[in-house]
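This is the structure, below, for whatever I ask next.
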Amino acid sequence: MPDVKRIIGTVREVIRRWFDPSEVKRVGATPDYRFSLANERTFLAWLRTGLALIAGGLAAAQFLPPLPLRHLREVIAVALLLLGTTVAIRAVDHWARTERAIRLGEELPVSRFPAVLALLVALGALLLVVAVLVKGFGVR
Amino acid sequence: MTRDPGLQPERTRLAWRRTALALTVVTVLALRLALTGGVAGALLAALMVLLWVGALVALRGRAAGRGPGRVGTRTLPSVALAAAGLALLSVPLVLRGAW
């Protein structure tokens with residue numbers, strides 16, 4: 001199974017890149033420190049976005065009353081927890097790739113992730129609006 | 001003294017502190033969930049406290065204003081993994097409450 005081996009190798013390479021500080025510093029030239037700081041703040045903003053989603057999930061699990069649909073509350077909570085986890089992990093990857101690009105003078109990495117996240121959150125909110133309306137107008 | 005029009009180090013320091021605060025709020029919420037969960041919950045709560053303390057220890061250099069270059073870049077993935085860990089440890093607690 002060469003494909004599985006290659007995928008595992010790629011994953012290991014990516015994780016090594018996250019955690020090995022010297023790896024990032026080995027490529028290219030040291031940029032203006034302000035660029036590194038801006039990249040770091042962008043990472044922190046994403047991490048706080050992830051933390052907000054996680055806090056939302058924890059609050060849904062503990063403070064929402066039981067919802068009319070069975071287990072809807074737990075589904076909302078777990079979905080938010082997993083979404084927040086994804087955002088936090090993705091933030092590290094994006095930060096590492098951006099730092100690399102800055103050092104090498106390459107184009108910054110582009111990503112569909114913000115659009116996908118926005119669509120997911122919007123879709124979730126719309127579904128909840130429908131749920132509230134259905135409940136409010138008493139479809140019995 | 002170099003000219004720094006954007007107060008970049010200060011903005012970054014404050015961003016780290018905001019993030020530490022957000023992480024603390026999440027930890028408190030997660031602990032509240034875990035401490036209603038008996039022995040297994042208490043075990044998870046202990047792990048959560050470890051993650052929180054670990055993240056704060058990792059980021060204290062950055063929150064004090066030591067920028068990239070002087071502090072290892074390992075800080076960033078460590079703090080993100082602590083956040084992910086808090087979320088993932090909470091998932092079984094949420095599911096256990098439901099079924």
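The values are calculated or read from the model by the stated rules, or taken from the named source; none is laboratory data. Bear in mind that the values here come from a model prediction, so they are computed numbers and not experimental data. Counting neighbours? That spans all protein chains shown, and the Cβs are built from the backbone with ideal geometry, glycine included.
Of everything in the stretch B:29-54, what is under 20 Å from A:LEU80 (Cβ atoms) and either under 11 Å from the mean Cα position of the chain (by Cα) or not in a helix (DSSP H, G or I) (or both)? Give them in sequence order.
B:THR36, B:GLY37, B:MET48, B:LEU51, B:TRP52
For the stretch A:29-39, state whether one or more residues are at pLDDT below 80 and among the acidic types (Asp, Glu).
Scanning the stretch A:29-39, I find no residue that is at pLDDT below 80 and among the acidic types (Asp, Glu), so the answer is no.
Determine which member of the set B:LEU51, B:LEU59, B:LEU33, B:LEU44 is surrounded by 14 or more Cβ atoms within 10 Å (Cβ to Cβ), at the interface with chain A (Cβ under 10 Å from one of its Cβ atoms) and either under 14 Å from B:SER90 (Cβ atoms) or of a type in the set (Ser, Thr, Tyr) (or both). Give the steps one after another, and end with the answer.
Values: B:LEU51 fails: at the interface with chain A (Cβ under 10 Å from one of its Cβ atoms); B:LEU59 fails: either under 14 Å from B:SER90 (Cβ atoms) or of a type in the set (Ser, Thr, Tyr) (or both); B:LEU44 fails: at the interface with chain A (Cβ under 10 Å from one of its Cβ atoms).
Residue meeting the stated conditions: B:LEU33.
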